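One structure is given here, and the rest of the page talks about it.
The values are calculated or read from the model by the stated rules, or taken from the named source; none is laboratory data. If you're wondering where the values come from, they're calculated on a predicted model, not measured in any experiment. Positions of Cβ are generated from backbone atoms using ideal geometry, with glycine treated the same way; all protein chains shown enter the neighbour counts. For accessibility, only protein heavy atoms count, side chains too; no ligands or nucleic acids. Shrake-Rupley method; radii C 1.70, N 1.55, O 1.52, S 1.80 Å.
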Amino acid sequence: MAAEKIRIFDTTLRDGEQVPGCKLNRDEKLIIAEQLEQLGVDVIEAGFPVSSPGDFEAVQAIAAQTREATVCGLSRAVENDIRVAAEALKPARYPRIHTGIGTSESHILHKLCSTQDKVLERAIAAVKLAKSFVEDVEFYAEDAGRTENAYLARVCEAAIKAGATVLNIPDTTGYCLPDEYGAKIKYLRENVRGIENVCLSTHCHNDLGLATANSISGVLNGARQIECTINGVGERAGNTALEEVVMILRQHPYLQLDTNVISQRLADTSALVSTMMGMLVQPNKAIVGSNAFSHSSGIHQDGVIKNRETYEIIDPRTVGVADSSIVLTARSGRAALAYRLQKLGYEFDRPALNKAYALFMQLADRQKEVVDSDLHSLVEQENLVTAN
């Protein structure tokens, strides 16, 4: 049985770019958008057109450039926002307007200074107006994670009737636990008339480190689109990391869920976004961090050398990394040293290896990492004799 496809909605250029210091110009956005299309994402949220003339131009240019992916522009439930987004998206082959409004008690009372009924009216009007410009309209219920389910269901049902094709259920503050977020998606599937005719989407933030877990829980309960960013960039603690959800689904084929993402391009895409945004990827970041396929513990190194799958559940080549890395430190064992020496062309018998290891440990205790040049020097200076 073929796996069901989960749509990947990439918002690196909109939500991700809102990070302080990560501003991208038009040309940089075009380069990243092209890379995202080559990566195989289904939807590129290109920006928030009404926010600035520069963002309008960038969305317009991305819309004109993109051939296969849907190009999406964000708007609030404000008439001018929607009209400007529609204008920016005119060149798009597959345009989508993403409009919505806050639905939680906190947003309604403190941000919008409104009522549930008035918010419902604004939601309906926004979707109807967007629908007059494009067929594909996504509605977001901002702060859905903290919105009471019965009211959220009312808003979603009204948005469907108004013409929405996608319903975005954001955990805007990263508050939900995975079982709570999954239960929310399940509740909507069971209590919203017409829900079978639209796509439910997750949009989870990482304030408590649960964005990826919540997104997967949403998918397991019926969501069929995940909104995410490269490297998990985004406001505050960031968004769901695209590379994580893609590989979670791929590494669990029994779920019968997959994406169109070409995983071998993940590492290059991560590096491109990191460089252009000037935002380093933490070394221990899942999938794309520099340590994701590195091993320095002697026990782990011995296992990986004998069989990679003892400590790696992902073949690094499937995400665009050439190979695993054996890093020599004071925690490394003889197996790792012999492996690296062999790679450098040295082959020792057991007595010579023991001598080399003793010298290596003295060096490793003095510095954080022993690199290839150190090993060459060690062999030459100590006049170690190889087995050959």
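Some values worked out for this structure:
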read-out	value
Options 91, 95; residue that is touching a Leu at 6+ places or on another chain (Cβ under 9 Å) and open to solvent by 10 Å² or more (accessible area, probe 1.4 Å)	95
Residues located in the range 254-276, provided they are farther than 23 Å from residue 23 by Cα and either under 14 Å from the mean Cα position of the chain (by Cα) or surrounded by fewer than 16 Cβ atoms within 10 Å (Cβ to Cβ) (or both)	254, 256, 259, 260, 261, 262, 263, 264, 265
Selection count where residues are more than 15 Å from residue 232 (Cα to Cα), aliphatic (A, V, I, L, M), open to solvent by less than 10 Å² (accessible area, probe 1.4 Å) and modelled with pLDDT of 95 or more, scope the range 1-31	1
Residue check, residue 155 on the phi < 0 side of the Ramachandran plot and in a helix (DSSP H, G or I)	yes
Hits in the range 105-149 - residues which are among the aliphatic types (A, V, I, L, M), part of a helix (DSSP H, G or I), open to solvent by 10 Å² or more (accessible area, probe 1.4 Å) and touching a residue at least 12 places away in the same chain (Cβ under 8 Å)	120, 124, 125, 129
Whichever residue in the range 181-220 is outside any helix (DSSP H, G or I) and within 18 Å of residue 157 (Cα to Cα) and, among such residues, is most open to solvent (accessible area, probe 1.4 Å)	193
Qualifying residue in the range 255-271 (condition: among the small types (Gly, Ala, Ser), free of Cβ contacts under 8 Å to residues at least 24 places away in the same chain and closer than 30 Å to residue 333 by Cα)	no
Residues of the range 158-175 satisfying the condition of being more than 20 Å from residue 216 (Cα to Cα), of a type in the set (Gly, Ala, Ser) and part of a loop (DSSP other than H, G, I, E, B)	163, 164
Residue that is touching a Lys or Arg at 6+ places or on another chain (Cβ under 7 Å), closer than 23 Å to residue 225 by Cβ, modelled with pLDDT of 95 or more and open to solvent by less than 10 Å² (accessible area, probe 1.4 Å), where the choices are 100, 47, 73	47
Restricting the range 231-276 to residues that are in contact with a strand residue (DSSP E or B) (Cβ under 9 Å, 6 or more places away or on another chain) and among the hydroxyl-bearing types (Ser, Thr, Tyr), the residue that is nearest to residue 321 (Cα to Cα)	259
Residues (within 22 Å of residue 241 (Cα to Cα) and surrounded by 16 or more Cβ atoms within 10 Å (Cβ to Cβ)) located in the range 295-317	312, 314, 316
